[in-house]
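The values are calculated or read from the model by the stated rules, or taken from the named source; none is laboratory data. Treat the numbers as computed from the prediction; the structure is a model and nothing was measured. Cβ placement follows ideal geometry from the backbone for every residue including glycine, while neighbour counts extend to all protein chains displayed. Accessible surface is based on the protein model in full, side chains and every heavy atom, while ligands, DNA and RNA are left aside. Shrake-Rupley method; radii C 1.70, N 1.55, O 1.52, S 1.80 Å.
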Amino acid sequence: MPLIDLANPTRFLTLASRALPWLTIATLAAFAVGIGLIASAPDDYQQGATVKIMFIHVPAAWLAMGCWSVMSIAALGTLVWRHPLADVAGKAAAPLGAAFTAMCLITGMLWGRPMWGTYWVWDGRLTSVLVLFLMYLGVLALWRTVEDPARAGRAAAVLTLVGAINLPIIKFSVDWWATLHQPASVLRLGGPAIHASLLTPLLVMALAFLLLFLTLHLAAMRNEIMRRRIRAMLVREAESAAQ
Amino acid sequence: MTALANIFLRDMRLSVRLGGGALIGVLFFLIVVTLMPFAIGPDLALLARIGPAILWLGALLASLLALDRLIAADYEDGSLDLILMARVPLELSLASKALAHWLTTGLPLVIAAPLLGLLLNLDPTATGAVALTLLAGTPALTFIGLIGASLTVALRRGGLLIAVLVLPLAVPVLIFGVAASNAAIVGPVPFGTPFTILCALTLMSAVVGPFAAAAALRHGLE
Amino acid sequence: MAQFRQPARLLATELACLRGDRSVFTGLSFAVGAGQALMVNGPNGAGKSSLLRLIAGLVRIEAGQLVLEGGNPEATPGEQAHYLGHQDALKPSLSVIENLDFWVRYLGGGMTGTGAALDTVGLSRILNLPAAYLSAGQRRRLSIARLIAVARPVWLLDEPTSALDATAQAMLAGLMRQHLANGGMILAATHGPIGLDGAKELRLGGAP
């Protein structure tokens, strides 16, 4: 597929509407398999069934970071290559990223309640995800505040790239802050040592989440293109009424 | 009456359509609350003790944020001229605008407060107390803010000045808001005492605010 | 359009206006009767806009008196006047009809229906379009619709023809003539002719 074809929004719309049903089916299938595997996975001897929150928490965390990468590439597309669909892709990814980050936080809190006895501790990992969530909300607020989509796109692209540079620094600072105040947490959600029987369902769930992201992203891009067309129609309508 | 209902509905509709103000206020609230542990450390017991104060400070600063647009938006597009020329008493129009402003920017903060209480390790009683005091106290912040917004409306960079003008006036609200929350959590004063004073402050500012703001706008004419 | 029954006269005696420390004008007297128009002209900075805003009640009267004889004694002259300033007082996120509806209800006393008013100014085809999409001329016409949808005897027009094309200027001239025929009064600040014959002139400022 030459890139020039994708650059044409009309061509993109046709492709998107052809691909969407298949992607939806693939997503549902992956989730069905994943949930089946989770149901048959053994409970943790220490954490019991609570550990299964991990199967949502960890893929959500991966996608929370992945969405920012997608947005960063889209931002480069907007600023450097001036690809006409780049800011559409960036705009469509932002609310999805925010949603996955929120999902990661909420599952983290639900998991923390029985583990720590409270919904929230200012643990290094959770806190960096919270800061990431705030950054997503900032991008969303910028998109909503700037009226003209082209200007909003460029502004959001700059913010996204600044965020991409700053996120590792933030992560590092927060980790440093967290270890300063408390020893590394004993119980880590999805730490490096993971039992093999849990790895397969986790990878299947990760695939399901990835497919979910692709489906929603494509649908959101399609909606955004249509929203811009409606905007253009309204402008034309105002012009035609000039008499 | 229809005129007042109309300006109220118009302001509600504008904030819902723009969607920015309320969300940015809540986001700012969330950021302020998140920053506190970075500054004072993640000690949950300490956070729980000063949690009501953090939430109140956050809500106070967040409610300042949107004040900038309360009158200035109407000033910039010429609507304020026509509002001044209407036969509807200016005080009542301003009160309606303030009410709409509180519903779209103040109330979301009250709703967000219990969620942020989780981050600060507040127990249900404390969370409930903070939410209740915010519900009773944030209207006072809006009505006091109305005065600041009216005084600074014609100034460039008025937004910065609003904060300087309004924050000292908000001191009593902050004192009794936090006092009532703490009274509900640790005592020893009964919750009712500071809470009643907080309600009185709100009622008083609901009266003083619109009159002072209307006077400020009329005298601002040149 | 409304017929203004009471014989009215806008009478200004020895008006003075200050902006900051600068005196814009002093000792200004004039009278505008029912059915009369007054063209305020003069060089930039002579105080044309200030005079209109002063009559509207938006600028303080330093000295002198301003009365609307035969008007509503309980209302100020400004409350019986329409002011068409440089800004259009429109909210971009509200539709054409919502913008007009708001002002009609808020200012009170809608005589002509809002639909008919929008028809007159030629915006009835885009009732539900958000005002953000309007051109400068369309925004101006929407403001003019306010003048005919709410009946007020005095019209204060500041450069009313700016941003209007020839057709719209003719439309405005027609509306002004009709307003005068109904016993209304018009004060307009303008640099050029706006299509009203027989209007009195008030020259502000020094030598031309």
For this session: With a Förster radius of 45 Å, plug the Cβ-Cβ distance of C:E69 and C:A163 into 1/(1 + (r/R0)^6) and report the FRET value to the nearest 0.05.
Result: 0.85
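Kirkwood-based Rg over Rh for chain A (C-alpha set), two decimals?
With Rh from the inverse mean 1/r over Cα pairs, Rg/Rh is 1.04.
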Exercise. Once the Cα atoms of helix A:9-40 and of chain A are each reduced to a long axis, what angle between those two axes, in degrees from 0 to 90 to the nearest 10, is obtained?
Worked result: 10 degrees
Problem set entry | Size of electric dipole in the protein assembly as shown: Cβ of Lys, Arg +1 and of Asp, Glu -1, about Cα centre, debye, nearest 20 | 860 debye
Problem set entry | Sequence-separation-based contact order of chain A, relative, with Cα cut under 8 Å and 6+ spacing, percent | 32 percent
Exercise. Over the protein assembly as shown, what is the percentage of antiparallel beta bridges among all DSSP beta bridges, to the nearest 5?
Worked result: 50 percent
Seminar exercise, completed: Probe 1.4 Å, all chains present, heavy atoms only: A:M226 accessible area in Å², nearest 10, is 90 Å²
Problem set entry | the range A:75-149: translational diffusion in µm²/s, Stokes-Einstein, Kirkwood Rh over Cα pairs, 10 °C, 1.306 mPa s | 113 µm²/s
Problem set entry | Heavy atoms of A:K171 accessible to a 1.4 Å probe, total area in Å² rounded to 10 | 80 Å²
Problem set entry | Calculated FRET value between A:R18 and A:I230, using beta carbons and R₀ = 30 Å, to 0.05 | 0.85
For this session: Using +1 at the Cβ of each Lys and Arg and -1 at the Cβ of each Asp and Glu in the protein assembly as shown, identify which of A:A49, A:L13, A:V162 lies farthest towards the dipole's positive end.
Result: A:L13
Problem set entry | Relative contact order, percent, the range C:9-197 [alpha-carbon distance under 8 Å, six or more residues apart] | 26 percent
Problem set entry | Cα long-axis angle, helix C:166-181 against chain C (0 to 90 degrees, to the nearest 10) | 60 degrees
For this session: Sticking with the crude label model, points 7 Å out along Cα→Cβ, report the distance from B:A45 to C:R22 in nm, one decimal please.
Result: 6.8 nm
Seminar exercise, completed: At the level of C-alpha centres, the distance separating the range B:1-67 and the range B:187-222, in angstrom, is 19 Å
For this session: Within 10 Å of each Cβ in peptide C:130-136, how many partner chain Cβ atoms are there on average? Round it to a whole number, please.
Result: 4
Problem set entry | Folded to 0 to 90 degrees: helix A:54-76 orientation relative to chain A principal axis, Cα | 30 degrees
Seminar exercise, completed: The alpha-carbon center of the range A:54-123 and that of the range A:202-241 are separated, in whole Å, by 18 Å
For this session: Binning at 10 Å from 0, report for the protein assembly as shown what percent of all alpha-carbon pair distances ends up in each bin.
Result: 3, 13, 19, 20, 18, 14, 9, 4, 2, 0
For this session: Only helices at least 27 Å long along their axis, Cα-based, and averaging 0.0 or more on Kyte-Doolittle count here, so list those DSSP H runs from chain B.
Result: B:20-40, B:44-76, B:124-151, B:192-219
Exercise. Computed over the Cα atoms, what is the radius of gyration of chain B divided by 2.2 N^0.38 Å, N being its residue count?
Worked result: 1.04
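For the range C:9-197, what Kirkwood radius comes out of the mean inverse Cα-Cα distance, in Å?
Averaging 1/r across every pair of different Cα atoms and inverting gives 17.1 Å.
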Exercise. Taking C:K91 as the anchor, which lysines have their alpha carbon closer than 21 Å to its alpha carbon, excluding any fewer than eight residues away along the same chain?
Worked result: B:K97
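If you average the sequence gap of Cα pairs under 8 Å that are 6 or more apart and divide by the length of chain B, what percent do you get for the contact order?
Over chain B, the number comes to 26 percent.
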